[in-house]
Amino acid sequence: MKTITFLLSTTLFLCSLSTIGQKKISKNKQEILNSVEKHQKDLIQISDQIWAFAETAMKEYNSAKILADYAEQQGFRVERGVAEIPTAFIASYGSGKPIIGIMGEFDALPGLSQKAQTTKSPLKEGDAGQGCGHNLFGTGSLGAAIAIKELMEKGKIKGTIRFYGTPAEEDLAGKVYMARAGLFDDLDVCLDWHPDYENKANMQSTQAVTDYTISFKGISAHAAADPWNGRSALDAAEFFTTGINSMREHVEPSVRMHYVYTSAGKVPNVIPDEASVWLWIRDSKREGVAQVSERMKNIAKGAALMAGVEYDIKLNSGLYELLINETGAKVLHSNMEIVGPITYTQDEISFANQIMKEYGLEENGINGNIKPLETKNKNPSGGSTDVGDVSYIVPEITLLATTAPYKSPWHSWVVVACGGMSIGHKGMLYASKTLGLTMVDLFENEKLRKEIKAEFLKRKGDEVWKAMLPEGPPPVPAKTESSK
Ligand SMILES: [Zn+2]
């Protein structure tokens, strides 16, 4: 199949000024758009570098450094290694209230290395790849923060802008450790965005999840000579998963449970004295996960009793569902309309169609339109994010922006390829602009901030946020040569 590659010059640019001209916008908002355009070359370069680094959870040393260094060059105060995570950082500018936060991720997914082309070919065999577009996410958010900082510098808005470099979203729940350290507590509002195949102000929650390891310990013996002396940990693990599978019929339809065996014996002629199951329990609400978790604990106990072995349940981490904020989403939506839809060249549309065909999916082009605001809450889509925890601490507004062909398979080489070329870059710059404009409204309009806060308090209700984490410091892996 023919491969199309793009020159960086074709990435410039997305929405014409005439589209913007249809809506009258304030001088401050015009300055945001100008700032993103002024920095777009740098932003694309940084994003492409993070795309090529493709560093996984808690090992994003180069990715965090390039973002933190750029923020520092732009005049932000940068605090590195926050919450005992070397790759977590906060870049701030300004002083006093209001304090608006914006989050940026940058971690990659293992095994997804891919070139920015329409056929499947790893950049480096076996390496990680940006299968969730986090290179665009981190850089795009920083672009918005820089635009706000420039307005503050000129004295046109007052308060504090804070960019959060949030590592380890795909694994190890980086934001939950940052939240446990109290780093989000004093924010008035927090924003973020996520790469997607549609442009919309997010009105959809995510699933709460809790991640456990259940281990069984028995007695090994010769499986044929004296099995009566053995007690099988694997039997217990099998009783346990049978119990979990039977429970599926008696839980709410919104519950999801999935597991793998992480240890199940070594050879058939030795009765396994160790076996373990890695289990995730999800539901649309934290409360639902908590209820199923209690039943899971009894199943583990019962399984251990049946097999005559010991058991242990370890909490690895847990995430809250995302609390949406309709007031915030409406403001975001109005600013998306100012920026206008993303337009694509014929080459980009051909790239999108060819890559989808190559993957084996329908060729639907790229959707750069702005989706109407959804006002009815649907059930959350399958998946969880550590943004959920932040959304229980402060009001949170999320943008989704197109960075891949319509209906792209997420966490796949398709998303990696598009995130390293103009389709991804356009979505990133669109996010910088839209989030920058929205922050202008948040800084300027106290009444709006109050309304957003009131809705947040109403949706949160009595729930008191508590980090679902084991005791002790974050699980930062030892630094290796490859993760300098
Ligand atoms: Zn993601």
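Applying the condition of being part of a strand (DSSP E or B) and out of contact with any helix residue (DSSP H, G or I) (no Cβ under 7 Å at 6 or more places or on another chain) to the range 165-207 and asking which residue is farthest from the ligand (Cβ to nearest atom) yields Lys200.
If only one of Glu362, Glu326 is acidic (Asp, Glu), at pLDDT 95 or above and loosely packed, with under 14 Cβ neighbours inside 10 Å, which one is it? Talk me through it step by step, then tell me what you get.
On the way: Glu326 fails: loosely packed, with under 14 Cβ neighbours inside 10 Å.
After applying the criteria, what remains is Glu362.
For the range 110-150: of the residues being touching a strand residue (DSSP E or B) at 6+ places or on another chain (Cβ under 9 Å), in a helix (DSSP H, G or I) and aliphatic (A, V, I, L, M), which is nearest to the ligand (Cβ to nearest atom)?
Within the range 110-150, the first condition is being touching a strand residue (DSSP E or B) at 6+ places or on another chain (Cβ under 9 Å), and the residues that meet it are 110-114, 122-123, 127-142, 144-146, 148-149.
Remaining after also requiring in a helix (DSSP H, G or I): 134-142, 144-146, 148-149.
Checking which are aliphatic (A, V, I, L, M) leaves us with 136, 142, 144-146, 148.
On the way: Leu136: 10, Leu142: 16, Ala144: 18, Ala145: 19, Ile146: 22, Ile148: 23 Å.
The residue in question is Leu136.
For first residues located in the range 93-109 and surrounded by fewer than 24 Cβ atoms within 10 Å (Cβ to Cβ), partners that are among the polar types (S, T, N, Q) and in a loop (DSSP other than H, G, I, E, B) and lie 6+ apart or on another chain with Cβ distances below 9 Å form the pairs Tyr93/Gln74; Leu109/Gln130.
With respect to the conditions (1) within 25 Å of Ala467 (Cβ to Cβ); (2) touching a Pro at 6+ places or on another chain (Cβ under 7 Å), Ser254 falls short on a single one, namely (2). Pairs linking a residue in the range 215-241 that is within 12 Å of Val277 (Cα to Cα) to a residue that is assigned to a strand (DSSP E or B) and modelled with pLDDT under 95, with Cβ atoms under 8 Å and 6 or more positions apart or on different chains, do not occur.
Yes/no per residue for (1) under 15 Å from Ser432 (Cα atoms); (2) modelled with pLDDT of 95 or more:
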| site | (1), (2) |
| --- | --- |
| Ala147 | yes, yes |
| Glu153 | no, yes |
| Lys156 | no, yes |
| Thr166 | no, yes |
| Leu172 | no, no |
| Met178 | no, yes |
| Gly182 | no, yes |
| Asp186 | no, yes |
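Contact map, the range 117-128: residues that are within 16 Å of Trp51 (Cβ to Cβ) paired with residues that are loosely packed, with under 15 Cβ neighbours inside 10 Å, Cβ distance under 7 Å, separation 6+ or inter-chain. Pairs shown: Gln117/Thr3; Gln117/Thr5; Ala128/Gly111. Every residue in the range 67-89 that is crowded, with 17+ Cβ neighbours inside 10 Å and either within 21 Å of Val415 (Cβ to Cβ) or of a type in the set (Asp, Glu) (or both), please. If the condition is that a residue be crowded, with 17+ Cβ neighbours inside 10 Å and either within 21 Å of Val415 (Cβ to Cβ) or of a type in the set (Asp, Glu) (or both), then Leu67 is the only one that fits. Taken over the range 329-348, the criterion of being of a type outside the set (Val, Ile, Thr), part of a loop (DSSP other than H, G, I, E, B) and buried (at least 20 other Cβ atoms within 10 Å of the Cβ) is satisfied by Gly340, Tyr344.
The values are calculated or read from the model by the stated rules, or taken from the named source; none is laboratory data. Quick caveat, the model's predicted, so the values are computed rather than measured. In this analysis, Cβ positions are derived from the backbone assuming ideal geometry, glycine residues included, and neighbour counts consider all displayed protein chains.
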